Amino acid sequence: MIVPKPVHYRSRPGRFVLDRDTALAADPALAEVAAWLRGELSPVTGGELLPGRPGPGTITLGLDDLPPEAYRLTVAEDGVQIDAGGPAGVFYGAQTLRQLLPASAFRKAGTGGPLALPAVQIEDEPRFGWRGCILDVARHFMTKHDLLRFIDLMALHKLNVLHLHLTDDQGWRVEIKRYPRLTEVGSWRKESQTGWNGAMDGRPHGGYYTQDDLREIVAYAARRHVTVVPEIDLPGHTQAAIAAYPELGNLDTPLEVGTTWGIGENVLNVEDATITFFQDVLDEVLELFPSPYVCVGGDECRKDQWRASPAAQRRIGELGLRDEEELQSWFIGQFDEYLTARGRRLVGWDEILEGGLAPGAVVASWRGDLGAVTAAGSGHDVITCPNTSVYFDYRQGAGEDEPIPFGTVLTLEDVYAFDPVPSALRDSPAASRVLGSQCGIWTELIDSNRRVDYMAFPRVAAFAETVWSPAERDLTDFRTRLAAHLPRLDAIGVEYRHESGPLPWQTRPGVPGRPEDPAQWQAKIDAWTSNLRRP
Ligand code: ACM
């Protein structure tokens, strides 16, 4: 009853009882995983597992000649053995071990142990190396405490990339010592729009992570084998930064931090000083986030202000560019060079393809699959995150009481049917360019952690299976395992969506949304991506 489903699972006769006498033995290279597992299992045994040597009555963690994320888990009457290619694999084996226990093992105290594990033999490894989730903490801030909890929930589902959307029109959430106004001014807004195009709520909203907070978040995630990929969205989605430092924008009139939703027209100017400003910002971001990948956005950059700006037009002329799309590519290219020189790789949304792609860039393809097909076909690595399959701000059912009808209906079954490799790439060598996928929790309409729980779960469980488990999947089998998984989420305290629909307090009557049918969406995506060419 493991989620995501392991590659090979064989039941054996017998069971292993976890109690106060159980010991834990670990290779010294696995000390961190061992410490984490001790912490997780202590409510079950009523104390920390005893230090031990491999042998009867012991949980033994070891290294073997396997790929780094692969593991082998054997539970027998006389002991438990997890062997893996590296600490990450042992961590995933340990996550599976926890799921062999009753759901009460996921409580922090009072489980009433001892608890038994059924004897099994499991061999497992992920299908993709990039198993991610985009979390938008810019539109609505998530407290550090809730973010750490979310990382634990990702790790439970064997997801390993947290793409943290830290900046947008409506908020700047990362402390930058050199430019304090980014958070003094940019981290809060005076009010927010209720729903999509609804009334203003008249309530200030904000928050940011200090650099110490971010170091803690990154270290906490690393211990759970989750890489935090920071996103500083450029050159669009920057109104909060422009509100703090008006010289970054194209207008003489001051701006406020954004309070409404949609694709804003306020974008960065293309002055050298603006590029230097954001490279200074990234200097601090790179210090905080050791991730080999750094996202600089590139999505939804409206070009109206560049068309009207003599300075932007002069830049196009000086550089011999054709148009504003190429100007955007040049702009992103400055950051590709900057990141490459520092040993990092740029990730950008598929709009970065539109005026020519920076050589080292990884494309996060969100508007259907054309961006992924185009980028992979021209030799670029891609991450697939098509809005119509994995955007979890879209509603989970067609019912009237579903909170805020937005986007298309994206059910649990729809998510389960997602394949990270677009069909157009399936039989092509370019399929190897798909690093994996990430689901998106965009928070314009998700204004609290309780609503994140509702929108994310259990769809995250279905998504996890698309990126971890073998491509051949069985929905009925998933449903059976999900029925065993939901009590784990209950024990943790996750307010997921029940299959029957929202509970009364999960509805949001009267809050406006923007429902779209799939055909409308497809037409929109086709129009948006009409300037991408299939290779
Ligand atoms: C996006 O959804 N604008 C990446």
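The values are calculated or read from the model by the stated rules, or taken from the named source; none is laboratory data. Computed from a predicted structure; not experimentally measured. Positions of Cβ are generated from backbone atoms using ideal geometry, with glycine treated the same way; all protein chains shown enter the neighbour counts. Surface areas here come from the heavy atoms of the whole protein model, side chains and all, with no ligands, DNA or RNA. Shrake-Rupley method; radii C 1.70, N 1.55, O 1.52, S 1.80 Å.
Before moving on, here are some points about what is shown:
- Taking Asp350, Asp252 and ordering them by how much accessible surface each has at a 1.4 Å probe, largest first, produces Asp252, Asp350.
- Förster-model FRET efficiency, 25 Å R0, Glu472 and Leu66, C-beta, rounded to 0.05: 0.70
- Degrees between helix 324-341 axis and first principal axis of the chain (Cα, 0 to 90, nearest 10): 50
- With every protein chain in place, the chain: carbon and sulfur % of accessible area (1.4 Å): 51
- Three-way shape call for segment 267-418 based on the alpha-carbon gyration tensor, with the a/c threshold at 1.5: prolate
- Full extension of the chain segment joining Ala341 with Glu77 gains 89.6 nm, where the gain is 0.36 nm per residue of separation less the Cα-Cα distance.
- Cβ crowding within 10 Å averaged over residues, with 263-276, 362-375 ranked highest first: 362-375, 263-276
- Taking one quarter of the surface of the C-alpha convex hull of segment 142-259 gives a mean projected area of 8.3 nm².
- Folded to 0 to 90 degrees: helix 31-45 orientation relative to the chain principal axis, Cα: 60
- Highest mean packing first, where packing is the average number of other Cβ atoms within 10 Å per residue, the peptides 237-250, 489-502 line up as 237-250, 489-502.
- Shape category assigned to the chain from the gyration tensor of Cα positions, a/c cut at 1.5: prolate
- Degrees between helix 272-288 axis and first principal axis of the chain (Cα, 0 to 90, nearest 10): 10
- For segment 21-141, the solvent-accessible area with a 1.4 angstrom probe is 36 square angstrom per residue.
- Full-stretch length increase - Arg20, Thr276 - with 0.36 nm per residue and alpha-carbon distance subtracted: 86.3 nm
- Exposure of Tyr394 as accessible area (Å², to 10), given a probe of 1.4 Å and all protein chains: 10
- On a per residue basis, segment 346-447 carries 27 Å² of accessible surface, using protein heavy atoms and a 1.4 Å probe.
- Between Ser104 and Tyr9, the C-beta separation translates, for a Förster distance of 35 Å, into a calculated FRET efficiency of about 0.95.
- Placing a label point 7 Å from the Cα of Glu499 along the Cα-to-Cβ direction, the residues of segment 411-440 whose backbone N falls under 18 Å of that point are 411-417.
- Computed accessible area, Phe128, all protein chains, 1.4 angstrom probe, square angstrom: 20
- Label point distance in nm, Thr480-Glu247, each placed 7 Å from Cα along Cα→Cβ: 6.6
- The loop-placed GluC sites (Glu not before Pro) in segment 336-376, going by DSSP, include none that has at most 15 neighbouring Cβ atoms within 10 Å of its Cβ.
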